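Chemist: Take a look at this one; I'll ask things after.
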Amino acid sequence: MPDSQYKNFVNERFFECIHILKKSNQVHSDREFAKSIEISPSNLGDIKANRRSVTLEILNRAFERFGINSSYVITGKGEAFHKKEKESSKSTEVVVVATQDTTGNVTVPLINHKAAANYLSGYDSQEWFEAQESLQLPSYMLKDGLCYAVQVSGESMEPTLYEDDWVICRLLDKSDYRYINDGAVYLVVSEERGIQVKRIKNRLQQYGLIRCLSDNPKHQPYELQENEVLQLWKVEWHLRSQLPESNYELDNIQGQLSSMAEEMQKLQRKLGNN
């Protein structure tokens, strides 16, 4: 299916949900809907006219405000809205699990910017886990264990990761911390800094700490003692809504240098034959 046709279908399903909200008198106009999820009416109008695509951020806001199911909007599968369930009493036993459907797909919770801000207050409870929007992936893409998809915030990992990118991470057991790979990218959870995606230098065996590095040189590295690390998640996959732009000027210069090198070689061969 062409990208433009897919975009149109996604936008149409999004406005189908808005139409349902209008029929149930939860909103009375597109303008009211736009204001309720804090986007401009003109932005919503561009989506309706297929001049732009509905974004994950807009879907997240629509889910939080009205329960619109982003999985339905994107894939056309499932219900248009999440069903509201009665709030169950919290258990004192912590049992956090990832679910698997009958087709073998793994359900991966999506932790957007808002959920990440509240992560420390509820990350170890099943209720918090089940409250998050989720993504389904084939089981062959993921290793065994608990996985989350986390939305990147800030520019500390540019140019590797950009604001609003998603990283799919696998929770590591604490017994594995001392064997993590130098230079790999991990999601680091600590009381002081919350959730951060960083490149790690493992110094646990020598000094009992990890060194957290940013790919953006404007951000200074920092260290965490082993007892300060609440969780470590290994980044397994990276999702981005668009491909990075080609650096045309650099590519052009490299092409010119290659051509000059070829001409120099030809000239040297001619001089050598004389």
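Chemist: Looking only at the range 28-44, count every residue that is outside any loop (DSSP other than H, G, I, E, B) and polar (S, T, N, Q) and tell me the total.
Modeler: Of the residues in the range 28-44, 3 are outside any loop (DSSP other than H, G, I, E, B) and polar (S, T, N, Q).
Chemist: Answer yes if at least one residue in the range 175-185 is closer than 21 Å to L110 by Cα and either surrounded by 16 or more Cβ atoms within 10 Å (Cβ to Cβ) or of a type outside the set (A, V, I, L, M) (or both), and no otherwise. Write out each step before concluding.
Modeler: Residues of the range 175-185 that are closer than 21 Å to L110 by Cα, as a first pass: 185.
Filter once more, so that each one left must be either surrounded by 16 or more Cβ atoms within 10 Å (Cβ to Cβ) or of a type outside the set (A, V, I, L, M) (or both): 185.
For the range 175-185, residues closer than 21 Å to L110 by Cα and either surrounded by 16 or more Cβ atoms within 10 Å (Cβ to Cβ) or of a type outside the set (A, V, I, L, M) (or both): present.
Chemist: From T160, T103, T99, T75, which residue is under 30 Å from E16 (Cα atoms) and either buried (at least 17 other Cβ atoms within 10 Å of the Cβ) or modelled with pLDDT of 60 or more (or both)?
Modeler: T75
Chemist: Let me ask something else about it. Within the range 157-187, work out how many residues are part of a loop (DSSP other than H, G, I, E, B) and charged (D, E, K, R).
Modeler: Going through the range 157-187, the residues part of a loop (DSSP other than H, G, I, E, B) turn out to be 157-165, 172-173, 180-184.
From the residues that got through so far, the ones that are charged (D, E, K, R) too are 158, 163-165, 173, 182.
Looking only at that region, the number is 6.
Chemist: Any residue in the range 199-225 that is in the same structural domain as M157 (by TED's automatic domain parsing) and over 19 Å from E158 (Cβ atoms) sitting within a Cβ distance under 9 Å of a residue that is of a type in the set (S, T, Y) and part of a strand (DSSP E or B)? List the pairs, counting only those 6 or more apart or interchain.
Modeler: Final answer for the pair search is I210/Y186; R211/Y222; L224/S190.
Chemist: Okay, moving on. Consider E249 carefully, then state whether it is at pLDDT 90 or above and either in a helix (DSSP H, G or I) or acidic (D, E) (or both). Working first, answer last.
Modeler: On the way: at pLDDT 90 or above: no; either in a helix (DSSP H, G or I) or acidic (D, E) (or both): yes.
In short, no.
Chemist: State yes or no: is R13 at pLDDT 90 or above, under 23 Å from Q136 (Cβ atoms) and of a type in the set (K, R)?
Modeler: Details: at pLDDT 90 or above: yes; under 23 Å from Q136 (Cβ atoms): yes; of a type in the set (K, R): yes.
Yes; evaluated as a whole, the condition is true for this residue.
Chemist: In the range 226-235, is there at least one residue being in a loop (DSSP other than H, G, I, E, B), assigned by TED's automatic domain parsing to the domain that holds M141 and more than 26 Å from P109 (Cβ to Cβ)? Spell out the reasoning first.
Modeler: The first filter runs over the range 226-235 and keeps only residues in a loop (DSSP other than H, G, I, E, B), leaving none.
The answer is no; no qualifying residue exists.
Chemist: Quickly run through the range 25-42 and pick out the residues that are surrounded by 14 or more Cβ atoms within 10 Å (Cβ to Cβ) and either closer than 14 Å to T55 by Cα or outside the structural domain of R61 (by TED's automatic domain parsing) (or both).
Modeler: Matches in the range 25-42: A34, I37, I39.
Chemist: Looking at the structure I just gave you, is G145 on the phi > 0 side of the Ramachandran plot and at pLDDT 90 or above? Steps first, please.
Modeler: Details: on the phi > 0 side of the Ramachandran plot: yes; at pLDDT 90 or above: no.
When the stated conditions are applied, G145 does not pass them.
The values are calculated or read from the model by the stated rules, or taken from the named source; none is laboratory data. Computed from a predicted structure; not experimentally measured. No Cβ is skipped: glycine too gets one built from the backbone with ideal geometry, and neighbour counts run over all protein chains shown.
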